[in-house]
Ligand code: PMP
């Protein structure tokens, strides 16, 4: 019998799937395989960090029975934490600005978490900002624990202990390149470190970064707003280890969204914008470095496209935001 004791046992162990059209259409000779992280039970790679961060907090006594998890997040980390909190009987409170869609709040509430909405116009340092409200709640509530995904070493460690070994085993040690977007930096730092150590430095680690983010900006004046969600930063988090990354490929919003739409239309992979960005970076890297048939590139796709139906997959939103030409090109898949 194969009956799992709980849904959280199914975190990790996601499959690798070869991309069959997009790289070939671009003239890539190397194999590009995608790691499909939306098959985690909470729908993203963030389930991995949630499980390890909570395990560690329990182990070190930062989280005790009846404890409360408090984190400023609206995205995938919230879902992972809400799921693990619910499984283990903790209360979870998330703070987020009111610009975050009602659908995202509803997901967190569905898992039993509480959502505190703060005004979007309250910026960093304002006591009403979602970050400050989380800090105040954590101080006020007895037994509160702040996972702090940007600084918590268990984020990268979860990828070091799970994502990295999974890729090494699934490729029979043949992986030559690992490509991932950089948000907190946990995925690329943890997975990359494992793959470098186990391959004696053979595996190359390539970061993908939105145009406007600090990781690939030439200087401060290049740091600006962009539309890709979940990746890029305007500061350096502790979870990111720059020494692990051999090269960072910068991808603009339009190219990321075009690749995202093509992944759904041509590879049947309904994934989010940061996945499109990572695949665009893998393809560009493979072409620019003239990778050949002997190379095996693994690219990590963090979440599902379901969370972006109102944006990247909505033609009106795309046109209103200046991506009309992307809509025209991708509504006629080149099959
Ligand atoms: N893509 C999405 C959609 C994400 O939510 C995140 C996490 N912020 C990432 C990519 C980047 O992962 P990491 O934080 O591990 O760098």
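Assorted remarks:
- Condition check for residue 111: under 23 Å from the mean Cα position of the chain (by Cα), surrounded by 17 or more Cβ atoms within 10 Å (Cβ to Cβ) and within 16 Å of the ligand (Cβ to nearest atom): no
- Output for the stretch 130-153, where each listed residue is crowded, with 21+ Cβ neighbours inside 10 Å and farther than 26 Å from residue 105 by Cβ: none
- Meets criteria (closer than 27 Å to residue 174 by Cα and touching a residue at least 60 places away in the same chain (Cβ under 8 Å)) for residue 229: no
- Subset tally (residues that are within 15 Å of the ligand (Cβ to nearest atom) and surrounded by fewer than 19 Cβ atoms within 10 Å (Cβ to Cβ)) for the stretch 156-165: 1
- Number of residues in the stretch 242-275 that are within 13 Å of the ligand (Cβ to nearest atom) and under 15 Å from residue 17 (Cα atoms) equals 2.
- No other residue among 95, 176 is in contact (Cβ under 8 Å) with a residue 12 or more places away in the chain, farther than 18 Å from residue 42 by Cα and surrounded by 20 or more Cβ atoms within 10 Å (Cβ to Cβ) apart from 95.
- The condition of being away from the ligand (no atom under 14 Å from the Cβ), in contact (Cβ under 8 Å) with a residue 40 or more places away in the chain and under 21 Å from residue 148 (Cβ atoms) holds for only one of 53, 69, that being 69.
- Among the conditions (1) within 16 Å of the ligand (Cβ to nearest atom); (2) under 21 Å from residue 185 (Cβ atoms); (3) surrounded by fewer than 22 Cβ atoms within 10 Å (Cβ to Cβ), residue 39 misses just one, which is (2).
- Residue count for the stretch 138-188, restricted to those that are farther than 28 Å from residue 202 by Cα and not in a loop (DSSP other than H, G, I, E, B): 5
- Leading residue by the ranking (surrounded by the fewest Cβ atoms within 10 Å (Cβ to Cβ)) among those in the stretch 187-216 that are closer than 22 Å to residue 48 by Cβ and away from the ligand (no atom under 16 Å from the Cβ): 197
Every read-out reported here was derived from the displayed coordinates using simple, explicitly stated rules and does not represent laboratory data. Being a predicted model, the structure only gives us computed values, none of them experimental. Glycine also receives a Cβ, built like all others from the backbone with ideal geometry; neighbour counts cover every protein chain displayed.
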